[in-house]
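Working notes, structure below.
Rule-based calculations on the coordinates, nothing more; no lab input. These numbers were taken from a predicted model, which means no experiment stands behind them. Because the Cβ atoms are built from the backbone with ideal geometry, glycine has one as well, and the counts that use them run over all protein chains shown.
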Amino acid sequence: MNEDITLDPAQNANDAPLLQHGELTMERPAEGQTAQQMHARAASGTQCPYCGTVNEPEAKYCASCGKPLGASTCPYCGAGIDLDADYCEVCHHYVRTDVCSFCGAQLSGNEAFCPECGNPRGGIVCPTCHTMNDFSFCKHCGNPLTEEAKHLLKELQMTPEYKEMEQLAQELQQLDMVIPIATERDRVREQLNRKLRERVLTLLARDRGVVNPIIETLGDAPVDKRDLDKRKQEQEERLAALLEKMSQKPTTKPATVRNYAMACKPQGVRLAWECNFKHALHSSPCGCAKPQLGGKWIILGNNIRKEIKDDK
């Protein structure tokens, strides 16, 4: 007796969900296995704190955004520092042994002198202030210490921007030496002092036999404090615009930023270097752990000394 093996459509309809359910049941372990693999990869790899990309466990920089993964330790004081930092802002030591601090050339770790620039790896003592330095310019007095630094400074001094900047700095220094007239009493005292000066010089000249002596008057008239402050502000704004124009953009070599910024620093004005790393104020880029991110000189004016991060 032959069995009818014709499929019942109704039965097929009922079985369809079961088949679909079976298919889904067979696929779920594969999906679960993939999720487990992804979880295992995330657990064994290093996740970038900036973009979230999971990198290989031994990776030092993110494959997606290029930023450093994790942190290193200062060999001098044990403080935590970024992997791409070359300077410890806690104990103020240069920490890289594979990169020349003066020119940024790669080192093997055994040279006493850099094969690229010839400068000693142990640092240079400034002949002016006797400060030990790891960089091409003295961090204390700004004196160029290497031949490359002297050449860079000479080149920048020939530019119109540098000449204008130096002129503004000198004018500001002269304005700081002016004693303003703050009150009417100060004005009267200044007039009396000028008359007393003329009288004393006249009597001294007559004692020498000069009948009608000509007394040279003082060159600068008394300056009102408000006028003096206004002149200072105008000069500072002009100088700040030039410093902004000459600010250092991000680059790959910290040495390039330090050398250029120190060569651009005008003398005679109290400045601080504001880094793009933490937007902190340093006495110079020599005190920043990551100057390669760029920065600029800013005029401190009447700001207090402790605002500078790396001053001891």
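Taking the square roots of five times each eigenvalue of the Cα gyration tensor of segment 74-173, the equivalent ellipsoid has semi-axes of 29, 17, 13 Å, listed largest first. Net charge in the neighbourhood of Cys88 (other residues with Cβ under 12 Å of its Cβ; Lys, Arg +1, Asp, Glu -1) is -3.
Close amide H pairs (under 5 Å, H built 1.01 Å from N) link Val99 with Leu107, residues at least 5 positions away or on another chain. Working out 0.36 nm times the residue gap between Thr256 and Ile298, then minus their Cα-Cα distance, what length gain in nm do you get to one decimal? Value of the extension gain: 13.2 nm. The trypsin sites (Lys or Arg not before Pro) of segment 185-262 that DSSP puts in a loop, and whose beta carbon has at most 10 other beta carbons within 10 Å, are Arg208. Taking square-rooted eigenvalues a ≥ b ≥ c of the alpha carbon gyration tensor, is segment 114-169 rounded, prolate or oblate, where a/c under 1.5 means rounded and, failing that, a/b exceeding b/c means prolate? Note, shape of segment 114-169 comes out oblate. Beyond 29 Å in Cα-Cα separation lie the following of the pairs Lys195/Lys225; Lys232/Lys296; Lys154/Lys278: Lys154/Lys278.
Once the Cβ-Cβ distance of Glu155 and Asn110 is raised to the sixth power relative to R0 = 25 Å, the FRET efficiency obtained is 0.15.
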